[in-house]
Amino acid sequence: METPCSILIVEDEAVIALDLQLQLEDMGYRVLGPAESGPQALALAAQERPDLVLMDIRIQGPIDGIETAARLGRVSGLPVVFLTSHSDEETVAQAARTSPCGFLTKPFEGRALRAAIEMALSRATLERQLRESERWFAATLRGVQDGVLVVNPDTTLRFINPAAEALTGWSAEEAVGRRLEDVVRYASGDDDPPAVLKALAENRSVGVTHGRRLLRRNSARTMVVVDESASPVEGEFGLRMGAVLVLRDATERLSREGLDAAGQHRPPAANAADKPAAEPQDLPPRARAT
C-alpha cells in the first residue's frame, strides 16, 4: 500500500485546527501538528519532513505565516498552501512573494480544500522532478572536458562548467548573470562575435570554428586557442530558452598538426641527424716500423 501524503497544519485557533485535521484524515492524508507558531512549524517540518504545509497567515509568535513559509522554502523547499480570512491586496501580494502552491480564503468547502491540496502536491512533484533533472544536467556538464557555457535569451550566462572556468579564467560564481561578451572575449583581429550569439540571433546551430584566440582573465597565460560551436535551445511551442556554447582547447590539435597559435606551420625543429658531417681532420702519419 502507498504511504499517505503527510500534511502539516499551522493554525493557532484550536477549533479550526481540529476541524482541518478531521477533514484531512477523512480524505486519507496523514496529519502532522497542528503547530501554533512559526518556530514550532519550522521545528516540526525539519523533524517530520511533510509533503505539504497548510499555513495560516496570521499566527501567534515572533514571525507570521508568510515569513514562516519563506523560511520553509529557503531551507527545505516544502510546498505551502496558505489559509487565511485576510484576502486584501497587500496580504495576497506579500504571500505571493513566497511562491506558494495555493491560496484558500476562509471559510472554504472540503472539495475546495482537497482540490487545492492535490494541485499543490502535483505541482510540487513536477518542480522536484525538474530540480532533479537540472542536477543531473549540471553534474553531467561538470564532468565534460570541453568548456560549456549556457546562455539565456538576453545573452546573460546561466551556467558555466569547470572546463570553461579554466579556459576563460572566470569562476562560475563571478560569471553567472554577466553578459556573455564580458566573459568570452577574443583577441584583437578576431572580430567575429562568439558563435552562441549567432545561434541566438538566427535560431540555428553554428558549426565548429577553428583556431579562435580566447583572452583569459587575470592570468599570466593571457590567451588560449579554442575551437568553438554553438546551438540554440528550444522549449515547447518553439519558445527560445537560450543557447549553448562549447569551447575546446585547441592546443593539442595545433601541436598534432604542426601549427603555432596563429595557425601557421611551425618550422621543423633542428635534428642532430640533419647536421652536416664534420670535415675530416688530418691524421698523424703512422709510426715507421723499426
message = Using the Kirkwood radius over C-alpha pairs as Rh, can you work out the diffusion coefficient of segment 6-135 via Stokes-Einstein at 37 °C, viscosity 0.692 mPa s, in µm² per second?
response = 225 µm²/s
ask   = Under a point-charge model restricted to the Cβ atoms of Lys and Arg (+1) and Asp and Glu (-1), what is the dipole moment magnitude of segment 138-237 relative to its Cα centre, in debye to the nearest 20?
value = 320 debye
query = Span-like helices, the chain: DSSP H, alpha-carbon axial extent 24 Å or more, mean Kyte-Doolittle -1.0 or greater, which ones?
reply = 110-142
message = Tell me the net charge near Gly33. Cut-off is 12 Å between Cβ atoms, Gly33 excluded, with +1 for each Lys or Arg and -1 for each Asp or Glu.
response = -4
remark   = Neighbours of Arg114 by Cβ distance under 13 Å: Lys/Arg at +1, Asp/Glu at -1, summed charge -3
remark   = Scoring only Lys, Arg, Asp and Glu (+1, +1, -1, -1) among other residues with Cβ under 12 Å from the Cβ of Ala95 yields -4
Lys/Arg +1, Asp/Glu -1 at C-beta; segment 6-135 dipole; positive extreme among Thr125, Leu18, Ser37 = Thr125
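GluC sites (Glu not before Pro), restricted to segment 82-180: which are DSSP loop and have at most 10 other Cβ atoms within 10 Å?
Glu109
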Normalised contact order of segment 1-134, rounded percent, pairs of Cα under 8 Å and 6 or more residues apart = 20 percent
query = Candidates (1) 19.1; (2) 24.4; (3) 20.1; which is the computed Kirkwood radius over Cα pairs in Å?
reply = (2)
Those trypsin sites (Lys or Arg not before Pro) in segment 20-82 that DSSP places in a loop and that have at most 12 other beta carbons within 10 Å = none
request  = Tell me the chymotrypsin sites (Phe, Trp or Tyr not before Pro) within segment 104-146 that lie in a loop according to DSSP and have at most 14 other beta-carbon atoms within 10 Å.
outcome  = Phe108
key: Computed over the chain: relative contact order in percent, which uses C-alpha pairs under 8 Å that are six or more apart   = 10 percent
Dipole moment magnitude, nearest 20 debye, the chain about Cα centre, only Lys, Arg, Asp, Glu C-beta charged = 1660 debye
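Laboratory data are not the source of any read-out in this text; all were calculated from the coordinates shown. Since this is a predicted model, take the numbers as computed values, not measurements. In this analysis, Cβ positions are derived from the backbone assuming ideal geometry, glycine residues included, and neighbour counts consider all displayed protein chains.
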